[in-house]
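The values are calculated or read from the model by the stated rules, or taken from the named source; none is laboratory data. It should be emphasised that the depicted structure is a prediction, and the values quoted were computed from it without experimental measurement. Heads up, the Cβs are rebuilt from the backbone with ideal geometry, glycines too, and the neighbour counts pull from every protein chain shown.
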Amino acid sequence: MAATPGPASIAEPPARVRAARGAGLVRAAFENVEALAIAVVMALILKYFLIEAYKIPTGSMQPQIMGDQVVGISDRVLVNKLVYLMRDPERYEVVVFRNPLWQRQNYIKRLVAFGGERVCIRNGDLFITPRGAAPEAEHIARKPDSVWRAVRKDLLPTSAPLSQTFETEGHARFADRDVLLEPAKGATASIRTRTPVKDHYLDGYHPKWVAAYLDPTTTPFVQKQYAHVGMENVTDVEFSADVTPKAGAQAFFVEIHEAGRVHRLELPVGTGSGSLVTQAGASSFEPEGEAAPLPALAAGSSTRVSLRNVDDELVVEIDGAVALRRPYVTRGIDPDSDPTARDGGARVVAGASGGTVELADVGLWRDIHYLPDGNVPISARSSTYTVPDGEFMVLGDNTQNSWDCRQWVAATVKLSDGRSITGNYFNKFGNTPDSNPDYAGPGANHFRNVFGQDFVFPRDDERGDYVETPVHSVPERMLLGKALAVFWPLPPFSPTWRLKWVR
């Protein structure tokens, strides 16, 4: 009698089921490997062709982009690596590139000039002569409004009273961070900056950063050597305030005094048209356009009023909108207009006539004042650089403490075996990690070439001195991308909020 088969075991599925299950596991494993491979490829594509994050180790772009050991902030910046495959770079963009003198090291600076251009740095501004043009074609390189708002340095930190920066004239008084102008009949009342504006190193820094720099117990001391630097006169400034005229007030005015010229904005109260007039010698100020009439202020209402004199351009903003833009050309200092202002920094006056005017949320900013040759404390009066074809010039916003196209030097040493080594000539024999060349022990030197390779050789093998060659530009092929935004650190990992776009 044949045995009757029992029920199939749950633990022992049929062979076809086991085979299907095994095939499914193999397929799932294959799909996971495939997904992982795609993820890796996409990550590589993103990193090398689209967007990459960089850590900022140094302070050449401060205070906008921080890399500072004193305050303990090293910004992380997202960089768009695709943008320059789609279009050409633009002046004043913040770019990341390989250091041409140490190509394993990436730098971040502001692009200021292109191949074929001649760049003159004088009076803190950049002047460009186009490729092949005569010297008469030189013109100032004006910053876009978005760049100006990003780089301007705040001269009125919230931790300091207005009376620290301004003094009063006539019947004017400070009320905390506000100003009350109460002119006598037939007179004016005003506030004016106590001293001409200088390029103080810590201008624009957050009060917490300033406190860290000035605290003698904080380290490293080497990076704090610039804290009290600020000797150059700055003429490019902006003043703004919320202006509220009271009944009876006749006019509100702002004056910017700079290099023998006086730019005066006057806005009537109630009716009439405002004006922007410059007092200067006929040969020292040449406007590039006519001044359009400006609106009157309404009594009892608050209006945000701003006057900016930056990059040889006067800009009036009313409630955040540009009401007048007046570029001009300067022809030097006009001592006949204001003999006391020769070579002086800007002074700002804000006042009223006829009746009471209140000022709130007063703002005062200055521009980057580019040192012509980057030397501190006394820079050259002016310096001129010519950018070779196929290259571009970059400068750091932190112009007093930025190693950039103004100071770069390559050096070449020849050895007895016929080799020639070219590298970054930086802090030579300074006994620091970045010194190049430097001592490598008794009778030996160390020198890193432009590709980051290290060479150690006996000093007796050197044939002649190091031959120095100034390098004032970066080859276009070394451009890596455009800085997009600071995304890290954030509190509590940073004493201040760092999230922002890079302009």
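For region 80-92, what are the residues that are touching a residue at least 40 places away in the same chain (Cβ under 8 Å) and either within 27 Å of VAL210 (Cα to Cα) or not charged (D, E, K, R) (or both)?
Within region 80-92, ASN80, LEU82, VAL83, TYR84, PRO89, TYR92 meet the criteria.
What is the residue count in region 416-446 for residues that are loosely packed, with under 14 Cβ neighbours inside 10 Å and over 20 Å from PRO100 (Cα atoms)?
Counting residues in region 416-446 that are loosely packed, with under 14 Cβ neighbours inside 10 Å and over 20 Å from PRO100 (Cα atoms) gives 12.
Of the residues VAL77, VAL71, which single one is part of a strand (DSSP E or B), in contact (Cβ under 8 Å) with a residue 24 or more places away in the chain and not assigned by TED's automatic domain parsing to the domain that holds ARG448?
From the options VAL77, VAL71, the qualifying one is VAL77.
Please pick out the residue among VAL387, VAL348 that is out of contact with any Pro (no Cβ under 9 Å at 6 or more places or on another chain) and more than 30 Å from PHE253 (Cα to Cα).
Answer to the selection: VAL387.
List the strands (runs of 3 or more DSSP E) that sit entirely inside region 319-372 and contain at least 3 residues that are at pLDDT 85 or above and more than 30 Å from LYS246 (Cβ to Cβ).
In region 319-372, 321-330 are the strands (runs of 3 or more DSSP E) which contain 3 or more residues that are at pLDDT 85 or above and more than 30 Å from LYS246 (Cβ to Cβ).
State all residues of region 233-245 that are under 21 Å from TRP365 (Cβ atoms) and part of a strand (DSSP E or B); if no residue qualifies, say none.
ASN233, VAL237, GLU238, PHE239, SER240, ALA241, ASP242, VAL243
Going by what's in this entry, would PHE127 be described as in contact with a Ser or Thr (Cβ under 8 Å, 6 or more places away or on another chain), among the aromatic types (Phe, Trp, Tyr) and in contact (Cβ under 8 Å) with a residue 12 or more places away in the chain?
no
So which residues in region 144-164 are among the β-branched types (Val, Ile, Thr) and at pLDDT 95 or above?
VAL147, VAL151, listed by residue number.
I need the full set of residues from region 466-500 which are touching a residue at least 24 places away in the same chain (Cβ under 8 Å), aromatic (Phe, Trp, Tyr) and exposed (fewer than 13 other Cβ atoms within 10 Å of the Cβ), in order please.
Of everything in region 466-500, nothing turns out to be touching a residue at least 24 places away in the same chain (Cβ under 8 Å), aromatic (Phe, Trp, Tyr) and exposed (fewer than 13 other Cβ atoms within 10 Å of the Cβ).
Pick out the one residue from GLY204, GLY248, GLY230 that is on the phi > 0 side of the Ramachandran plot, crowded, with 20+ Cβ neighbours inside 10 Å and in a loop (DSSP other than H, G, I, E, B).
Within the list GLY204, GLY248, GLY230, the selection yields GLY204.
Only one of ARG498, ARG448 is among the basic types (Lys, Arg) and closer than 18 Å to VAL77 by Cβ; which?
Being among the basic types (Lys, Arg) and closer than 18 Å to VAL77 by Cβ holds for just one of ARG498, ARG448, which is ARG498.
Going through GLY115, GLY132 one at a time, which residue ends up being at positive phi and either surrounded by fewer than 20 Cβ atoms within 10 Å (Cβ to Cβ) or in contact (Cβ under 8 Å) with a residue 60 or more places away in the chain (or both)?
Going through GLY115, GLY132 in turn, just one is at positive phi and either surrounded by fewer than 20 Cβ atoms within 10 Å (Cβ to Cβ) or in contact (Cβ under 8 Å) with a residue 60 or more places away in the chain (or both): GLY132.
When both residues are 6+ apart or on different chains and their Cβ atoms are under 9 Å apart, which pairs have a first residue that lies in region 424-444 and is on the phi > 0 side of the Ramachandran plot, and a second that is charged (D, E, K, R)?
From residues that are on the phi > 0 side of the Ramachandran plot, the pairs are ASN427/ASP434; ASN427/ASP438; PHE429/ASP438; ASN431/ASP438; GLY443/ARG459; GLY443/ASP460.
Those residues that are farther than 27 Å from PHE392 by Cβ and either acidic (Asp, Glu) or crowded, with 16+ Cβ neighbours inside 10 Å (or both), I need them from region 447-465; list them, please.
The answer is PHE447, ASP454, PHE455, PHE457, ASP460, ASP461, GLU462, ASP465.
Every residue, every condition in (1) out of contact with any Lys or Arg (no Cβ under 6 Å at 6 or more places or on another chain); (2) outside the structural domain of VAL305 (by TED's automatic domain parsing); (3) part of a loop (DSSP other than H, G, I, E, B); (4) under 18 Å from ASN398 (Cβ atoms), yes or no:
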{"position": "THR218", "(1), (2), (3), (4)": "yes, yes, yes, no"}
{"position": "PHE252", "(1), (2), (3), (4)": "yes, no, no, no"}
{"position": "LEU267", "(1), (2), (3), (4)": "yes, no, no, no"}
{"position": "GLU290", "(1), (2), (3), (4)": "yes, no, yes, no"}
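Got at least one residue in region 245-260 being at pLDDT below 90 and farther than 27 Å from ASP319 by Cβ?
Yes, there is a match, as at least one residue in region 245-260 is at pLDDT below 90 and farther than 27 Å from ASP319 by Cβ.
Taking ARG419, is it among the charged types (D, E, K, R), within 30 Å of THR158 (Cβ to Cβ) and out of contact with any Phe, Trp or Tyr (no Cβ under 6 Å at 6 or more places or on another chain)?
For ARG419, the condition - among the charged types (D, E, K, R), within 30 Å of THR158 (Cβ to Cβ) and out of contact with any Phe, Trp or Tyr (no Cβ under 6 Å at 6 or more places or on another chain) - is not met.
Please work out which residue is nearest to ALA53 (Cα to Cα), limiting yourself to region 461-503 and to residues that are modelled with pLDDT under 95 and of a type in the set (S, T, N, Q).
SER494
Consider region 430-482. How many of its residues are among the acidic types (Asp, Glu), within 34 Å of the chain's Cα centre (by Cα) and assigned to a strand (DSSP E or B)?
Final tally of qualifying residues: 3.
Counting only residues that are buried (at least 19 other Cβ atoms within 10 Å of the Cβ) and within 15 Å of GLN250 (Cα to Cα), which one in region 154-195 is nearest to the chain's Cα centre (by Cα)?
Out of the qualifying residues, it is SER190.
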